[in-house]
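Here's the structure, in structure tokens; my notes come after.
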Amino acid sequence: MRTPVANRGPGRSPRLTLPFGAVLAAITVSAAAAPTYSVNKVLVAEDQYQGEKRLDPAPLYKPHEVVVTDKPKLWITSNEREGHAGITVFGPGNRVLAVVNIEEPGLEFTPEAEEETIGNETEEEVPEPNFPSEVRFNPTVCLPVKLYPSSAAPSYTDPETGDVYELPVWNEDPSYVCAPLGAEGHARHPHGIDLDRRRDLIYQVIEHAGLKWNATRSGFEIAETTDDESGMLLVYSITNPGRPTIVDGFLLGHGAHEVAVNETNGKVFQGNHEDSPGVVPPIWVDIIDRGLDNPYGFIDTGYYNAIQGIEVDEPLEQVFGTTHVGEALFAFDGDCVPTANQQPTAEKAQGENCILYSVDLRQPFLDQIADAEEILGQIDSEPGVGVWLLPSVLHMHDLTVDPESHRAYQTLHSIHHAEHTGSPEEAALEDPPEDAEVEPEQHFMGRWVAAVDVNPRSKGFKEVRYIDLSNGYGALAYPNADEIPPEELMTSFVHAHWVAADPKRRTVLVTGEHTGNLGVVETKEQKGFGLTQVVPISIGIPGCVPPVDETGAPVTPEPHVHGVQIDPKSGDAYVSDEGEDCFYESVTILKP
């Protein structure tokens, strides 16, 4: 029986202390019927490889997540690393079939700034300069963006020279333009990815599209800053897996994150986990239907309800999405065509006809989790300063759905003050008084998965059950992972990030982002829900020298494990590690 470490008080999540070279071994937490997973293969970025026999070099670069299919046996990575952004297609035996690089050759990109927003504490950001206009608006690598019907292609007038720049047309089709390079000199940065197996199409979310929606979502404009610009959806055909081709592209909202394809009808659902500045309403879910003259549809979910994780339950013909900070699960009609509201508001103008219902995730947390009220806390603002009187919120992240049990699982990634709500209150705090403070500063690393019964025929329809991934520890014992002894960190709890369900084996797999591991959860009702195994994933690069902080002290390496996907036939699990901080960029393949 482990003894929880004494509490040293809440605070921001600092860098974690981890063993530099994680072992490739599985730690069983408790005996259960769930399968035990073992590491079968680890592929690491070829330009990081140090010759270890247990690892295999491959052209995968900061893999965010993968998609897997068995007809034929393929798996495809979404590569985030600047200079190597795009996809890699692997065939049988993990043989590399193709690499597609969507990055602009020969450019030096502005590094991504690390964001951390707690409460109303903000820092004034000075925008980085954009690429020169003649470079930005004439990209060598054209990523197509379908124009909104009957709208003009956006143009740009250089304020210094007065020169007017028109975006190139893609594939001689005037209804498409080539996306300009990212605002403030950023790389294109792929993110979520999904596969339409019926149509042999890959859908990949790209951040930094260089464009933004106008205020009424009736056309596009050039984005001058990263805070304004939208993401985009890139479509690849893999009819010939050895020669993938880009066949389409669409503009999304700001904070474009994950994507889900309804293979029954080909409709694509995408959640924007941040509000789009200057657009009314500012928060929505994109529906892209390539079969319509106007492929763009919007489901306005309202303030706080920006959707992050999203997935389709095809037997139910429904799509489920979990909110970034809205503390709710949404169910959408998977075959819906969004229509304008009869009485539009600043929050909701379209798509309410597509919302079937929502489920509150906050109250069940309060009801089921020990010390929940103390964990959530309450924020007190200075008298007369702003309107930020919100308690800490449940920051949900990824979502998956089991199409056999019809249960939706979403990861509770962290607990902190509200951000990216899209509300007028938040907008009013963009320039808060200098003396504005938020106390106490609550921030707990999330270690829970919320399971919601979404089966309309079930007696427990809409019931929520929280699954604890902390292996016997209490959250107050270690609000953040640095409270745990280093030798136990990778095996003591899972910092919930990505999630995947395996209906055949009645398990749910959860990645631990900053704990560098994978958790296996038993989901059989008669056995009870619970964590049964923890597999270390992150692997240190031999000889890598970590950077130093402002005091000159070495920065403790911190893992960045992201997606987990399951081969629908074999049950093999593919875990993506974005590396960073002297850890390998890798994909670990595990067998049940």
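Considering the range 412-436, and only residues there that are surrounded by 22 or more Cβ atoms within 10 Å (Cβ to Cβ), in contact with a Phe, Trp or Tyr (Cβ under 7 Å, 6 or more places away or on another chain) and not small (G, A, S), the residue that is modelled with the lowest pLDDT turns out to be T421.
If you go through the range 245-260 one residue at a time, do you hit one that is without any contact (Cβ under 8 Å) to a residue 24 or more places away in the chain and open to solvent by 10 Å² or more (accessible area, probe 1.4 Å)?
Looking only at the range 245-260, we keep the residues that are without any contact (Cβ under 8 Å) to a residue 24 or more places away in the chain, and these are 245.
Pick out the ones that are also open to solvent by 10 Å² or more (accessible area, probe 1.4 Å) and you get 245.
Yes, the range 245-260 contains at least one residue that is without any contact (Cβ under 8 Å) to a residue 24 or more places away in the chain and open to solvent by 10 Å² or more (accessible area, probe 1.4 Å).
Per the listing G192, G249, G253, the residue uniquely of a type outside the set (A, V, I, L, M), in a strand (DSSP E or B) and under 23 Å from T322 (Cβ atoms) is G192.
Only residues that are within 19 Å of E103 (Cβ to Cβ) and either open to solvent by less than 10 Å² (accessible area, probe 1.4 Å) or more than 19 Å from the chain's Cα centre (by Cα) (or both): list them for the range 55-64, please. Within the range 55-64, A58, P59, L60, P63, H64 meet the criteria.
On the basis of being buried (at least 24 other Cβ atoms within 10 Å of the Cβ) and in a loop (DSSP other than H, G, I, E, B), does D275 make the cut? In short, yes.
Consider the range 69-88 and keep the residues that are buried (at least 22 other Cβ atoms within 10 Å of the Cβ) and of a type in the set (V, I, T). The one that is farthest from the chain's Cα centre (by Cα) is T88. Applying a threshold of 8 Å to beta carbon distances and a minimum spacing of six or more residues, or different chains, the list of pairs starting in the range 462-477 at a residue that is open to solvent by 30 Å² or more (accessible area, probe 1.4 Å) and ending at one that is part of a strand (DSSP E or B) and of a type in the set (K, R) reads D468/R447. Selection of the range 539-588 for residues being within 20 Å of H191 (Cα to Cα) and either of a type in the set (G, A, S) or in contact with a helix residue (DSSP H, G or I) (Cβ under 8 Å, 6 or more places away or on another chain) (or both) yields G563, A573, S576, G579, S586. Across the range 324-347, the qualifying residues are those that are open to solvent by 50 Å² or more (accessible area, probe 1.4 Å) and touching a residue at least 24 places away in the same chain (Cβ under 8 Å), and the one among them that is nearest to I283 (Cα to Cα) is E347. Taking the criterion of being open to solvent by 10 Å² or more (accessible area, probe 1.4 Å) and in contact (Cβ under 8 Å) with a residue 40 or more places away in the chain, the residues of the range 194-212 that qualify are D194, R197, R198, R199, L201, E207, K212. Taking every residue in the range 141-159 that is closer than 17 Å to F250 by Cβ and pairing it with any residue that is among the basic types (K, R) and open to solvent by 50 Å² or more (accessible area, probe 1.4 Å), at least 6 positions away or on another chain, the pairs with Cβ-Cβ distances below 9 Å are K146/R290.
If the condition is being free of Cβ contacts under 8 Å to residues at least 40 places away in the same chain and assigned to a loop (DSSP other than H, G, I, E, B), then the range 348-381 contributes only Q378. Taken over the range 150-189, the residue count meeting the criterion of being open to solvent by 50 Å² or more (accessible area, probe 1.4 Å), assigned to a loop (DSSP other than H, G, I, E, B) and either within 22 Å of H273 (Cα to Cα) or not β-branched (V, I, T) (or both) is 7.
The values are calculated or read from the model by the stated rules, or taken from the named source; none is laboratory data. On a predicted model such as this, the values are computed, not experimentally measured, just so you know. Ideal geometry is used to build each Cβ from the backbone, glycine not excepted, and the neighbour counts take in all protein chains shown. Surface accessibility is based on the protein's heavy atoms, side chains included, excluding ligands, DNA and RNA. Shrake-Rupley method; radii C 1.70, N 1.55, O 1.52, S 1.80 Å.
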